[in-house]
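**Q** Take a look at this one; I'll ask things after.
The values are calculated or read from the model by the stated rules, or taken from the named source; none is laboratory data. As the structure is a prediction and not an experimental result, all values here were calculated from the model. Please note: Cβ atoms are built from the backbone with ideal geometry, for glycine as well, and neighbour counts cover all protein chains shown.
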Amino acid sequence: MFESLRKLVAEIADDRKHASRFDATDYRLAAAALLVHAGAIDGKLSEVEHKKLHNVIMQRFELDDDSAEELIAKASTVEQEAIDLYAFTAKLNRSLNDQGRARIVEMLWEIAYADGVITEFEDNLIWRAADLLGVSRSERIALRQRVTGASGGGD
């Protein structure tokens, strides 16, 4: 009897934990919104970009399939309501250290390059986001090269 009561209380607590996950204070929501924006900036989030987005979010935030989709859905809504990048980057600046912010820029490159091509819109978005996140030009370029496998310089 006590075991079944313990399980019930654990399930209720778990449901509450999941209900509040990815709220406005969660840096993962801000990061995912930036990633959604990067994927959709050249038109619409393609199936290839969505799959890459899903995989990156699962891997980087250590989420299961359902949680990753939940985060993407919430991020899509937040991204559509956003006026600019500042709301997302300000949250990330408060929540992450230098390495964490650089990781976000790397994730942006991964999403932008999901279809094998980085458009000028994607490049400009990542340049602006990296600037707002305090990631230097040289680090931004190095992250791009790591993601694309490029060895040449340039911006």
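**Q** Ala68: of a type in the set (A, V, I, L, M, F, W, C) and farther than 16 Å from Ala38 by Cα, yes or no?
**A** yes
**Q** Something else: Here are the criteria: (1) at pLDDT 90 or above; (2) among the aliphatic types (A, V, I, L, M); (3) more than 13 Å from the chain's Cα centre (by Cα); (4) more than 17 Å from Leu53 (Cα to Cα). Tell me which single one Leu85 does not satisfy.
**A** Condition not satisfied by Leu85: (3).
**Q** A follow-up question, please. Please work out if Asp42 is surrounded by 10 or more Cβ atoms within 10 Å (Cβ to Cβ) and at pLDDT 95 or above.
**A** Taking the combined requirement at face value, the residue does not satisfy it.
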